[in-house]
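The values are calculated or read from the model by the stated rules, or taken from the named source; none is laboratory data. Given the structure is predicted, the values throughout are model-derived calculations rather than measurements. Cβ atoms come from the backbone with ideal geometry, glycine included; neighbour counts cover every protein chain shown. Keep in mind that these areas ignore ligands, DNA and RNA; they rest on the heavy atoms of the full protein, side chains included. Shrake-Rupley method; radii C 1.70, N 1.55, O 1.52, S 1.80 Å.
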Amino acid sequence: MRYWSLIFAIAALFSVGAFAYAPFSPDWWLPNPADEPGHVVSKAGREIDALFLIILWLSGIVFVATQAAMVWAQFRYADRLDADGKPVRPAHYFHGSQRLEVLWTIVPAGILLFLALYQMGTWADIKFRSAAPRTPVLAEVTARQFQWLIKYPGPDGKIGTMDDLFTINDLHFVKDETALIHLKSADVIHSFFLPQMRIKQDAVPGMTIPVWFDSDRAGRFELACAELCGWGHYKMRGEVVVHETREDFEAWQAARLAEQGRSQVGEPEDDDETSEGDRQ
């Protein structure tokens, strides 16, 4: 029955229309700044988006071609019955075409080989340890159920000393500067995900993994866990703050260090007063 070919044709047109509309809607397209839905804030993000668009165009062309062939075949060879309910055209066995089979095997293999080779440079730039920037480590980020523990170096510039700054779900760095972090996990596998910067890296227990990223826009962005890590997975949502200047970042760090220092000093004083009262 030929109306089935029309249903498949409408479904294909709807799919193509949705993909054609998506880039013009910030809610449908890739995550970017709300005020600049067409702008990718990071260098790695622009390279990854370029790969995404190539794959989208290739798969889109193949999708349209295969859907058109399927709709035509359904319409052209729809079953027809005579007045007695018997098929007008008898079915004929067709072995197939070896030439076509070879063609539709070689072409997809060639496309996959092209993509594998084309993406190697981008993958090396964002994942190979040899490509890690020669900059001081911004922070040590430890994932645990169900939060991000972030440790920044204090005034001495070293992580793991008494003057370290600790935050939870609050990652800060400077615009136009490559940020390098050391990623760890305290329990299970988590996934460090910066959607606007197109950075995703699993945090694996027992491993310290370098991750680097940047942003050419100051503002507030999202930090998420992209790995189902337990019942509280939904709570592992942090905030990324990109400061306009290094001075802004250092002022924030100094203010947080002072606040952290006051809270640390206050606790022993309360303990001393309690112990003195007990002694009296």
Check your understanding: Hey, among the residues in region 1-22 that are in a helix (DSSP H, G or I), modelled with pLDDT under 85 and not hydrophobic (A, V, I, L, M, F, W, C), which one's most open to solvent (accessible area, probe 1.4 Å)?
Key -> 3
Practice item. Working only within region 81-102, note down all residues that are within 46 Å of the chain's Cα centre (by Cα) and either open to solvent by 60 Å² or more (accessible area, probe 1.4 Å) or touching a residue at least 24 places away in the same chain (Cβ under 8 Å) (or both). Key: 95, 98, 99, 100, 101, 102
Exercise for review: Tell me, please, whether a residue that is open to solvent by less than 100 Å² (accessible area, probe 1.4 Å), more than 27 Å from residue 7 (Cβ to Cβ) and outside any helix (DSSP H, G or I) can be found in region 103-121.
Suggested key: yes
Exercise for review: Please name all residue pairs, on different chains or six or more residues apart, with Cβ atoms under 6 Å, provided the first residue is in region 146-169 and is without any contact (Cβ under 8 Å) to a residue 60 or more places away in the chain and the second residue is open to solvent by 60 Å² or more (accessible area, probe 1.4 Å) and in a strand (DSSP E or B).
Suggested key: 151/166
Check your understanding: In this structure, does residue 42 turn out to be under 26 Å from residue 213 (Cα atoms), small (Gly, Ala, Ser), surrounded by 13 or more Cβ atoms within 10 Å (Cβ to Cβ) and in contact (Cβ under 8 Å) with a residue 12 or more places away in the chain?
Key -> yes
Check your understanding: In this structure, does residue 146 turn out to be over 30 Å from residue 61 (Cα atoms) and touching a Lys or Arg at 6+ places or on another chain (Cβ under 6 Å)?
Key -> yes
Check your understanding: If you go through region 203-252 one residue at a time, how many are among the small types (Gly, Ala, Ser), within 28 Å of residue 128 (Cβ to Cβ) and outside any loop (DSSP other than H, G, I, E, B)?
Key -> 3
Point to revise | Residues of region 211-236 satisfying the condition of being within 16 Å of the chain's Cα centre (by Cα), open to solvent by less than 50 Å² (accessible area, probe 1.4 Å) and of a type in the set (D, E, K, R) | key: 214
Review point. Do we find a residue being part of a loop (DSSP other than H, G, I, E, B) and either open to solvent by 70 Å² or more (accessible area, probe 1.4 Å) or touching a residue at least 24 places away in the same chain (Cβ under 8 Å) (or both) anywhere in region 45-57?
Key: no
Exercise for review: Would you check which residues across region 181-200 are open to solvent by less than 40 Å² (accessible area, probe 1.4 Å), in contact (Cβ under 8 Å) with a residue 40 or more places away in the chain and in a strand (DSSP E or B) and list them?
Suggested key: 181, 183, 185, 190, 192, 194, 199
Review point. For residues in region 122-142 being under 19 Å from the mean Cα position of the chain (by Cα) and assigned to a helix (DSSP H, G or I), which is surrounded by the most Cβ atoms within 10 Å (Cβ to Cβ)?
Key: 126
Review point. Restricting to region 160-180, what's the tally of residues that are among the aliphatic types (A, V, I, L, M), open to solvent by 30 Å² or more (accessible area, probe 1.4 Å) and either farther than 17 Å from residue 254 by Cβ or assigned to a strand (DSSP E or B) (or both)?
Key: 1
